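Below: one structure, written as structure tokens.
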Amino acid sequence: MTSLTKESLAELVGPQSAPCLSLYQPTHRRHPENQQDPIRFRNLVKELEASLLQAYPASKTRLLLKPFDALASDHDFWNHTLDGLAVLAAPNLFRVFRLCRVRSPNWWSWGRAFTSNPSNRCGSSPSRSTAIRYLV
């Protein structure tokens with residue numbers, strides 16, 4: 001899990017190797033509602049995988065999604081969530097942020113930069129200045 005600092009923000013808006021994967025999900029703080037959160041996460045990852053496979057080889061897609069799979073299996077993580085989750089990944093980068101408030105429903109995107117707006121979905125290219133607005 002990554003803390004939101006000036007350094008982490010600079011890392012996210014800095015140059016990244018494509019594709020940059022962005023996944024946002026509302027989560028629940030308490031049991032039993034939080035039991036559905038990892039299931040919803042896995043479903044979002046499957047949707048993201050299907051989209052990536054249309055543009056990238058299966059081997060690269062699996063490598064990019066390997067940390068997502070590990071997070072999905074981390075029971076301790078899912079038992080200590082807040083109101084939402086932001087997962088940002090790129091080749092050689094994987095950052096997870098617990099969010100105290102959530103502005104949108106489940107969604108994901110990938111492209112040349114991280115996305116923070118549900119309207120910039122699936123391969124779009126938002127400006128780097130808006131790339132992490134959702135996290136702030």
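The values are calculated or read from the model by the stated rules, or taken from the named source; none is laboratory data. Keep in mind that what you see is a predicted model, and the values were worked out from it rather than measured. Every residue, glycine as well, gets a Cβ built from its backbone with ideal geometry; the counts of neighbours run over all protein chains shown.
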Verdict on residue 52 being among the aliphatic types (A, V, I, L, M), crowded, with 19+ Cβ neighbours inside 10 Å and touching a residue at least 40 places away in the same chain (Cβ under 8 Å): yes
So which of 85, 93, 99 is touching a residue at least 24 places away in the same chain (Cβ under 8 Å) and surrounded by 20 or more Cβ atoms within 10 Å (Cβ to Cβ)? 85
If residue 134 satisfies every condition in (1) in contact with a strand residue (DSSP E or B) (Cβ under 6 Å, 6 or more places away or on another chain); (2) at pLDDT below 90; (3) surrounded by 18 or more Cβ atoms within 10 Å (Cβ to Cβ); (4) not polar (S, T, N, Q) but one, which is the exception? (1)
Can you give me the number of residues within the range 1-39 that are exposed (fewer than 14 other Cβ atoms within 10 Å of the Cβ) and either among the polar types (S, T, N, Q) or in a strand (DSSP E or B) (or both)? 5
Has the range 68-75 got at least one residue that is surrounded by fewer than 18 Cβ atoms within 10 Å (Cβ to Cβ), within 19 Å of residue 107 (Cα to Cα), charged (D, E, K, R) and modelled with pLDDT of 95 or more? yes
Looking only at the range 102-115, filter to residues that are at pLDDT 75 or above and of a type outside the set (A, V, I, L, M, F, W, C); which one of those is surrounded by the most Cβ atoms within 10 Å (Cβ to Cβ)? 115
Failed condition for residue 17, given (1) closer than 23 Å to residue 105 by Cα; (2) in contact (Cβ under 8 Å) with a residue 60 or more places away in the chain: (1)
